[in-house]
Amino acid sequence: MSRSVAQIGGSNPGLNKMMHQNQAGAGEGAKPREYELAGITVTGEKYLDQDLLIAVTNLTVGMKLYLPNDEHIAKAIKALWKQELFSNVDITITKYIEDKVFINIGVEERPRLSRFNFRNIKPSEAKELKGKLSLVANKVVTEATKKEAIVRIKKFYMDKGYGRIQVTALERNDTGAVNKIILTFIIDKGNKTHINQINIVGNVNAAEARLKHSLKSTKQNMRFTLHPQSDVSVYPVPKRSFGKYMREFGFLSPTKTLDALDDYFRPTFASSKFNESKYDDDKQSLVSYYNTLGYRDAAVVADTVYPVQNGNLNIDIRVKEGHKYYFGNISWKGNTKYSSEFLSRTLGIKRGDVYNQALLEARMGRQLSPDGGGEDVSSLYMDDGYLFFNIDPVEISISGDTINYEMRITEGSQATIRDINISGNDRTNEHVIRRELRTLPGNKFSRSDLIRSQREIANLGFFDQEKIGILPKPHPEDGTVDIDYTVVEKSSDQLQLSAGFGGGVNFYGNVGITFNNFSIRNIFKPKFWDPLPVGDGQKFSVSYASNGAYYNSLSTAFTEPWLGGRKPNSLTVNAVYSKYSASAVGTDPNLSFLRMAGGGVSFGKRLNWPDNYFVFNYGAFYNNYRLKDYALVPNFTDGYSNDFHFKFILSRNSVDQPLYPRSGSNVSFTLQITPPYSAFSGIDYAQESYTQKYKLIEYHKYKFTADFYQKIYGNLVLRLVCKYGFLGYYNSGIGFSPFERFQLGGDGLSGYSYFIGKEIVSQRGYGVYATDATIFNKYQCELRYPFSLSPTATIYGLLFADAANAWDNFSTYDPFQLNRDFGVGIRIFLPMFGLLGLDYGIGIDQYDPSNGTTGLKNLGKFNFMLGFEPE
């Protein structure tokens, strides 16, 4: 049904004006008469094109109009208003010529934005805000434009805890431009709105403290609650009666006691700022927690947020728990590959278990498990190619408090991998990524292979491990799947520039560079240089340290991870030269020195047994030592020593990512042996000089390291490490080798072993306290939390506790006699410089009041690290 101009015009001055002119021209009360539109003009426009405006109205010369109230005129005016470009619109008749009519479209354009600014905020905040607003110069300014900007400004500050933010937008004409305005946003942030207290009522079967803990982003001010019997709390927690504590800690429900105590006495370090949108999400989290306890009908029935006298907010939440439910019978339908009994064992939920929707979803495998193992029903199928598998849990009956389920399975057909696509690798050659993948064209699809492939790509170290993308693209029509891998390159080369003081060499400097994505085949191809040839995943490093004439050390190494390009068999070659002078500064450095020159070659092979995380490395190495009046060990100060040894390393590394591991382990056993020369020489070495004894060094050396990572909560990670070392000899007449012994304590600075001929084992909080040990034990415990996982700077803090000791021989060995320490540290990984670390450790067992070794000044010690994590 069409409407006349008169019907619409009452709400629009442009329409009213048009209607009045029509009536005046045709006579009051005249019947509608047909006219031909003979001409259209436009007035009032400044920036807009006239033809474009006419096109918006859909009015065209030659069309028929029935005046005085033609619906085309009404639609034209509405179309112009809809553009939100004008502050006034009208259409008037300029003249009649017989049955022809001429009209004019009059518009008044809205002002445009010249610029905008803020008042009452910091320049840094203004800079950040400008990036969040969709305001650009020359944009038409409407009320909607201003309202949208105000909403975004308020959200920006409310997310920062300013719950009482007020924003006003002021317009003023820009005198230097035509029809342009300057917008000024006056911001009154007010004080930050913190949560003073959260009160939860209606909870009978869940401790209030545990419910508060489920509110992930809504936390009351940090508090430390003291012993319940004291009935004392640190402000702002109000005092409670002992009976309230009893209920709160769950003593009326013994199964909740430990959790409640643990959660209540845990200090709340999360921000107490109030954010309304996060608060809404947290209410749902509280309900979800109740669901895990079997209360699937639980709900937040009322909540109130209100200000209190100190300017903060209190939150009162009333919950209704409802009935507690339990799992009943679980039957299976549609399964042909696995029996119902086997699927029930895999699901791990029995009749009578407390109902838990989240647990059910996890056991079905609705989400990708981070460990990728077949610990859920979906993994069973998807690890065997059933990409199109689906499981639908259906509640078939509820009997009292028992819910019976039928698991309806659609197995589908097994999917075969068709194409593998890789994108984002701007510097790294595609074959370097492709050879690490466990998903190969022609293989059956496997979800665990996807997760393993992601791990292998991350461990290359060339890409941002947080942005590795994997997207399966199934093709049900032919039972195949394409897999798209996306990576984001990051700088993996490392430059080491450092200076040190101490360690027997006084002041020294070190410069080194490591190219982790080197390409030896592109050396003569300048287009691949960045700054050296890159892209093939090889590793090349060179390092030089010196303090002038008294200490010089040069080392270099090259690794090809895929020797021959077909199998993951690695080749590493290295060479090192070092000379350290013990001569007094200012004297001839050649009066007393230790010089070492050597190198070696090693091979690595990935194993498939016991599983494919194992790697076996083996190699041969030679070091030549020259001593001149240098007291490395008693009675051996001059001469030459030759160390030719074999090294075998069996390791298993399942760490999920290299920079900030969250799960997995790295376990290795190392055997380092020389030939038993004395067994074939027929010489009684007990009667020989030390120069003769140590001419051909012989020993057997063993090391074991186990390094475990476990995610505790979110990105909070627990690291546990144990290390053992032992140096043995073949001939008692020769005894222990003067080289390859263990030195325990201190920083464990890289390169130091080259001029003392010993293996450095660091311990935080202590200086060097064992210099010629043949046995050591070391244990570490770290709690790590990341501050930044950005590829430009990975930063995490840690709390640690260590225990270690070293012994000269087995006759003095006591595994329970350990030197303990604890402390705090930080790690910063910068792509160009590698790992930077600082620890402050307190050596507990240094405490000795008898000699004044007390207090942090004497017990505490800073430890630095650069480029590597010490042994």
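The values are calculated or read from the model by the stated rules, or taken from the named source; none is laboratory data. Given the structure is predicted, the values throughout are model-derived calculations rather than measurements. Note that each Cβ is placed from the backbone with ideal geometry, even for glycine, and that neighbours are counted across all protein chains shown. For the accessible areas, the whole protein counts, side chains as well, though only heavy atoms, and no ligand, DNA or RNA atoms are used. Shrake-Rupley method; radii C 1.70, N 1.55, O 1.52, S 1.80 Å.
A compact table of results
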item: Near pairs, Cβ below 9 angstrom, 6+ apart or cross-chain, from region 454-468 (on the phi > 0 side of the Ramachandran plot) to any residue that is at pLDDT below 90 and of a type in the set (A, V, I, L, M); result: 461/659
item: Single residue of region 634-651 satisfying the filter (buried (at least 19 other Cβ atoms within 10 Å of the Cβ) and not small (Gly, Ala, Ser)) that is nearest to residue 582 (Cα to Cα); result: 643
item: Residue pairs meeting the criteria (Cβ under 6 Å; at least 6 apart or on separate chains; first farther than 22 Å from residue 205 by Cα and outside any loop (DSSP other than H, G, I, E, B), in region 342-366; second open to solvent by 40 Å² or more (accessible area, probe 1.4 Å) and modelled with pLDDT of 90 or more); result: 347/363
item: Positions within region 804-827 being open to solvent by 50 Å² or more (accessible area, probe 1.4 Å) and aliphatic (A, V, I, L, M), in sequence order; result: 824, 826
item: Unique match (being of a type in the set (Phe, Trp, Tyr) and crowded, with 17+ Cβ neighbours inside 10 Å) among 558, 524; result: 558
item: Pair list, Cβ < 6 Å and 6+ apart or interchain, from region 273-294 residues that are open to solvent by 10 Å² or more (accessible area, probe 1.4 Å) to residues that are among the small types (Gly, Ala, Ser) and in a loop (DSSP other than H, G, I, E, B); result: 273/161; 274/163; 278/217; 287/298
item: Condition met for residue 816 (out of contact with any strand residue (DSSP E or B) (no Cβ under 8 Å at 6 or more places or on another chain) and among the hydrophobic types (A, V, I, L, M, F, W, C)); result: yes
item: Residue 590 being within 31 Å of the chain's Cα centre (by Cα), in a loop (DSSP other than H, G, I, E, B) and more than 19 Å from residue 519 (Cα to Cα); result: no
item: Qualifying residues in region 443-459 (those that are open to solvent by 40 Å² or more (accessible area, probe 1.4 Å) and within 21 Å of residue 562 (Cβ to Cβ)) - the one modelled with the lowest pLDDT; result: 459
item: Among (1) open to solvent by 60 Å² or more (accessible area, probe 1.4 Å); (2) assigned to a strand (DSSP E or B), the one test that residue 615 misses; result: (1)
item: Where a residue in region 112-132 is without any contact (Cβ under 8 Å) to a residue 40 or more places away in the chain and its partner, wherever it lies, is not in a strand (DSSP E or B), with Cβ under 7 Å and at least six apart; result: 129/153; 129/156; 132/152; 132/156
item: Where a residue in region 66-84 is open to solvent by 20 Å² or more (accessible area, probe 1.4 Å) and among the small types (Gly, Ala, Ser) and its partner, wherever it lies, is modelled with pLDDT of 85 or more and part of a helix (DSSP H, G or I), with Cβ under 6 Å and at least six apart; result: 79/56; 79/57
item: Unique match (being open to solvent by less than 60 Å² (accessible area, probe 1.4 Å) and outside any strand (DSSP E or B)) among 176, 190; result: 190
item: Residues (touching a residue at least 12 places away in the same chain (Cβ under 8 Å) and more than 60 Å from the chain's Cα centre (by Cα)) located in region 85-110; result: 91, 92, 93, 94, 96, 97, 99, 100, 101, 102, 103, 104
item: Residue match in region 514-521 (condition: open to solvent by 40 Å² or more (accessible area, probe 1.4 Å), without any contact (Cβ under 8 Å) to a residue 40 or more places away in the chain and not hydrophobic (A, V, I, L, M, F, W, C)); result: yes
item: Yes/no for residue 314 being farther than 25 Å from residue 400 by Cα, open to solvent by less than 70 Å² (accessible area, probe 1.4 Å), touching a residue at least 12 places away in the same chain (Cβ under 8 Å) and of a type outside the set (A, V, I, L, M); result: yes
item: Subset of region 317-338 [more than 24 Å from residue 163 (Cα to Cα) and open to solvent by less than 60 Å² (accessible area, probe 1.4 Å)]; result: 319, 321, 322, 325, 327, 328, 330, 331, 332, 334, 335, 338
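A quick yes/no check of all residues on (1) surrounded by 17 or more Cβ atoms within 10 Å (Cβ to Cβ); (2) farther than 30 Å from residue 333 by Cα:
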site: 385; (1), (2): yes, no
site: 398; (1), (2): no, no
site: 431; (1), (2): no, yes
site: 434; (1), (2): no, yes
site: 440; (1), (2): no, yes
site: 464; (1), (2): yes, yes
